[in-house]
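A.B. asks: Here it is, the structure in full.
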Amino acid sequence: MNLFEKIFGTHSQRELKLIQPKLDKILSLQSTMAAMSEEELKGQTEKFKNRLAQGETLDDLLPEAFATVREAAKRELGMEHFPVQLIGGIVLHQGRIAEMRTGEGKTLVSTCPAYLNALAGNGVHVVTVNDYLAKRDSEWMGRVHRYLGLTVGTVLNEMSTEERQAAYACDITYVTNNELGFDYLRDNMAIYKSQQVLRGLNYCIIDEVDSVLIDEARTPLIISGQSGKSTKLYELCDILAQQLERGEESAEFSKINAILGEEIEETGDFIVNEKEKTVNLTQQGVEKVEKYFHINNLADAENLEIQHNIILALRAHNLMFRDKDYVVKDDEVLIVDEFTGRIMNGRRYSDGLHQAIEAKEHVQVKRESRTLATITFQNFFNKFKKKAGMTGTAQTEEKEFRNIYSMDVIQIPTNRPVQRNDLDDAVYKSKKEKFQAVVDEIQAIHETGAPVLVGTIAIETSELLSSMLRKRGIKHNVLNAKFHEQEAAIVAEAGVHGAVTIATNMAGRGTDIKLDDEAKAAGGLHIVGTERHESRRIDNQLRGRAGRQGDPGQSQFFISLEDDLMRLFGSERLMGMFEALGVPDGEQIHHKMLSNAIAKAQEKIELNNYGIRENLLKYDEVNNDQRDVIYTEREKVLEGDNMRPLIVRFITDTV
């Protein structure tokens, strides 16, 4: 904390002081609302709509509207908003991001601003990260809105155009970010007005806002059609890729070295840069490709497709891993979301990478697609007149939220003090030693009766730990993309006395692990992280599963010097230093410099990923301007406007 913050408080603290009078007003109306009859409380909605029609603003109505929802939730759900939840609701109404700890009831928080903004009659979208949460929240929280006379809709993946139109026509619509974005693109490809489903982008509340606007912002939404290209080249390149020999980089080769014309000593047929996630052919590799395809010069324009496809095949074999980046199910390659651990149904890697993986896995290679419409999440959500978001972890990305989305982050205080004990990382030399220590730790905690949640990054890690625990006779559940159907049942059991649950990042979001009394008495939920993620937010989400609503709990990460994060981004000098110390096998390494190295590595990657998203946005800006013009004119055609003056102007400008 700097001197300014010490004197004047943090940005969040200063903003919370300004919100306090509004909160006091809401709380002062509690007895008035409680005294209302069923009919009077339900009649509030119509009164508010009339007052809006007479010129009052949503801000004028806020205290009474929030107090109305609070009383309705108490009567309909048996849940009353805590003061901190009302603060969160005010922040959301203001079009900001409310950072709230896990277990603080974010789902209930959204009911107040959703109700208030729905009164204007322009529709409110509550955006969730998956269909399961959209359905759950619309049924659960929708009861409050229906009680007060508002209509509530849900948009799910398998719905027809008519069902989507009905859902979007409701006062409040629960929908995933993907469905909403794709519906926007489909609406702008519609041939007839009757095929469109959306009705304006007025106000949205994004749950897990960092997942939607940060993590998924690297991947644009794409609607594609089939291209006529054959898939034979992918199969030929896959055969060749398996014959080529991987070489080693003899030194770090920078752009400056290349500009100066310096040559680098090459070995093998291709070089893999794991840090940059790139593959390059060596001169020897180029010659082998030319010989294989009977061509004279791989760099010739007519051979660009071969060049592109052989690189894709090498990437598929050396940078894309089964049960980590994707799974193979029913003769199909399905992408696993690196941030949520869930299967991304219907999504495919672009530029032919998906086809290269299909060839590698010997499943049917589907034809490459042709992009018909595309938009980034950044540009899509910036089309809303007002947007807000909730998450447990946003502070580390506050700069990006401000710069790209013009949203600031307000940290909401917890209802009860956090009692979770976050231990220092346990660091080991090798992965083998680390996993041995993890299993020892799980066994030790299990013997106390406290429930354990083991967080893994990859499916293969969760399966390795599962087999190690089976050998020790420790009963446990596994939650990963392969077993996502049992998710609700596994999460429900995770807080039970003596439970052991191994989970990928799936258990990090939208899941509330409730403890039974015996589990609380045994010290609460214990989090064991098996690896640091590239993003500090994902680590914080895992920690946040424990210690909800003042419950006891503990968290600790287990790391090895062989982990990808340390191997690729840790300081080589530091790694060498620990090797020189001669730490005995199996012994934990304790050193402050190591903790700093981990934090620096994560910051380095986060900065790099921010750069990728920023560049994607700049690149899409050009498309965005063109897209807006075309979509606006297209809409006029669908509305039946006379386009003759515009066409005449276009002809005059062009000819």
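A.B. asks: Exposure proxy check: VAL289, VAL454, VAL622 ranked by fewest other beta carbons within 10 Å? Kindly include the intermediate steps, with their values, before the conclusion.
C.D. replies: On the way: VAL289 22, VAL454 29, VAL622 9.
Going from least to most buried by this count: VAL622, VAL289, VAL454.
A.B. asks: What value, in deg cm²/dmol to 500, does the helix sum -39500 (n - 2.57) over DSSP H runs of n ≥ 4 give at 222 nm once divided by the residues of the chain?
C.D. replies: On the way: 29 runs with 311 residues, N = 655.
Value at 222 nm, helices only, nearest 500: -14500 deg cm²/dmol.
A.B. asks: Counting other Cβ atoms within 10 Å, which trypsin sites (Lys or Arg not before Pro) in the stretch 363-455 have at most 16 and lie in a DSSP loop?
C.D. replies: Numbers: sites: LYS366, ARG367, ARG370, LYS383, LYS385, LYS386, LYS387, LYS399, ARG402, ARG420, LYS429, LYS431, LYS432, LYS434; in loops: LYS366, ARG367, LYS383, LYS385, LYS429.
Sparse-neighbourhood loop trypsin sites (Lys or Arg not before Pro): LYS366, ARG367, LYS383, LYS385.
A.B. asks: Taking 0.36 nm per residue of sequence separation and subtracting the Cα-Cα distance, how much length would be gained by fully extending the chain between LYS229 and LYS604, in nm to one decimal? Let's see the in-between values first.
C.D. replies: Values: separation 375, 0.36 × 375 = 135.00 nm, distance 3.98 nm.
Separation in residues times 0.36 nm, less the Cα-Cα distance, equals 131.0 nm.
A.B. asks: Give me the percent of Cα-Cα pairs in the stretch 507-568 that sit more than 17 Å apart, rounded to a whole number. Display every interim value, and only then the final one.
C.D. replies: Values: 843 of 1891 pairs.
That fraction is 45 percent.
A.B. asks: Give me the three principal axis extents of the stretch 192-232 from the C-alpha atoms, as integers in angstrom, largest value leading.
C.D. replies: Largest to smallest, the principal-axis extents are 45, 34, 10 Å.
A.B. asks: Taking a ≥ b ≥ c as the square roots of the Cα gyration tensor eigenvalues, with a/c under 1.5 meaning rounded and otherwise prolate when a/b beats b/c, else oblate, which class fits the stretch 228-367?
C.D. replies: oblate
A.B. asks: To continue, here is another question. Starting at the first residue of the stretch 97-107, write each ³J(HN,Hα) from the Karplus equation 6.51 cos²θ - 1.76 cosθ + 1.60 with θ = phi - 60°, in whole Hz, x for Gly and Pro.
C.D. replies: 9, 9, 8, 10, 5, 4, x, 8, x, 4, 4
A.B. asks: Right, another one. Once you have a ≥ b ≥ c as the square roots of the Cα gyration tensor eigenvalues for the stretch 606-654, tell me rounded if a/c is under 1.5, and otherwise prolate or oblate according to whether a/b is larger than b/c.
C.D. replies: Oblate shape, in that a/c is at least 1.5 and b/c is the bigger or equal ratio.
A.B. asks: Shifting gears a bit: Along the stretch 550-556, what does the Karplus equation 6.51 cos²θ - 1.76 cosθ + 1.60 (θ = phi - 60°) give for ³J(HN,Hα), rounded to whole Hz, x for Gly and Pro?
C.D. replies: After applying 6.51 cos²θ - 1.76 cosθ + 1.60, I find x, 5, x, x, 8, 9, 7 Hz.
A.B. asks: If you don't mind, there's one more thing I want to ask. For TYR428, list long-range residues whose amide hydrogen, built 1.01 Å from N in the peptide plane, is under 5 Å from its own amide hydrogen.
C.D. replies: When sequence neighbours closer than 5 places are left aside, the close amide H contacts are ILE559, SER560, LEU561, ILE589.
A.B. asks: What pairs from LYS47/LYS636; LYS431/LYS475; LYS47/LYS385; LYS324/LYS434; LYS47/LYS383; LYS74/LYS475 go past 29 Å between their alpha carbons?
C.D. replies: On the way: LYS47/LYS636 36 Å; LYS431/LYS475 23 Å; LYS47/LYS385 25 Å; LYS324/LYS434 19 Å; LYS47/LYS383 31 Å; LYS74/LYS475 39 Å.
Check vs 29 Å cut-off fails for LYS47/LYS636; LYS47/LYS383; LYS74/LYS475.
A.B. asks: Among the complete DSSP H segments of the chain, which ones combine at least 30 Å of alpha-carbon extent along their axis with a mean Kyte-Doolittle hydropathy of -1.0 or more?
C.D. replies: Working: long enough: 592-639 (65 Å, -0.94).
Helix filter hits for the chain: 592-639.
A.B. asks: Quick one: what are the phi-derived ³J(HN,Hα) couplings along the stretch 30-40, Karplus 6.51/-1.76/1.60 with θ = phi - 60°, whole Hz, x for glycine and proline?
C.D. replies: Each residue's phi maps through the Karplus curve to give 4, 5, 4, 5, 4, 7, 6, 6, 3, 5, 5 Hz.
A.B. asks: Using Cα positions and a limit of under 18 Å, work out the aspartates and glutamates in reach of LYS25, with same-chain residues fewer than 8 apart set aside.
C.D. replies: Reachable aspartates and glutamates: GLU15, GLU56, ASP59, ASP60, GLU64, GLU71, GLU80.
A.B. asks: Quick one: which residues, 5+ away or cross-chain, put their amide H under 5 Å from the amide H of ARG96? H built at 1.01 Å from N.
C.D. replies: GLY389
A.B. asks: Given (i) 1.06; (ii) 1.62; (iii) 1.02 as candidate values of Cα Rg over 2.2 N^0.38 Å, which corresponds to the one derived from the coordinates?
C.D. replies: Label of the calculated value: (i).
A.B. asks: Same structure, new question: Give the lysines reachable from LYS329 as a straight Cα distance under 26 Å; neighbours fewer than 8 places away on the same chain don't count.
C.D. replies: LYS135, LYS229, LYS232, LYS277, LYS360, LYS366, LYS482
A.B. asks: Any aspartates and glutamates with Cα under 15 Å of the LYS592 Cα? List them, leaving off those in the same chain fewer than 8 positions away.
C.D. replies: The reachable aspartates and glutamates, counting only those whose Cα sits under 15 Å from LYS592, are ASP424, ASP425.
A.B. asks: What distance in nm lies between label points placed 7 Å from Cα along the C-beta direction at LYS42 and ASP653?
C.D. replies: So the label points at LYS42 and ASP653 sit 5.5 nm apart.
A.B. asks: Among SER406, SER369, SER560, SER350, which comes first, then next, by fewest other beta-carbon atoms within 10 Å?
C.D. replies: Details: SER406 11, SER369 18, SER560 21, SER350 15.
Going from sparsest to densest Cβ surroundings: SER406, SER350, SER369, SER560.
A.B. asks: Right, another one. Equivalent ellipsoid semi-axes for the stretch 419-595, as square roots of 5 times the alpha carbon gyration tensor eigenvalues: give them largest first, rounded to whole Å. Show your work: numbers first, answer last.
C.D. replies: Working: eigenvalues 150, 54, 50 Å².
That gives 27, 16, 16 Å for the three semi-axes.
A.B. asks: For a footprinting-style exposure proxy, rank PHE650, PHE48 by other Cβ within 10 Å, fewest first. Before the final figure, lay out the partial values.
C.D. replies: Working: PHE650 12, PHE48 22.
Ascending Cβ contact count within 10 Å gives the list PHE650, PHE48.
A.B. asks: Taking +1 at the Cβ of each Lys and Arg and -1 at the Cβ of each Asp and Glu, which of TYR428, HIS93, ILE214 sits farthest along the dipole of the chain towards its positive end, judged by Cα position relative to the Cα centre?
C.D. replies: The residue sitting most towards the positive pole is HIS93.
Each reported figure results from applying straightforward, stated rules to the coordinates on display, with no laboratory input. Bear in mind the structure is a predicted one, so any value in this text is a computation, not a measurement. Counting neighbours? That spans all protein chains shown, and the Cβs are built from the backbone with ideal geometry, glycine included.
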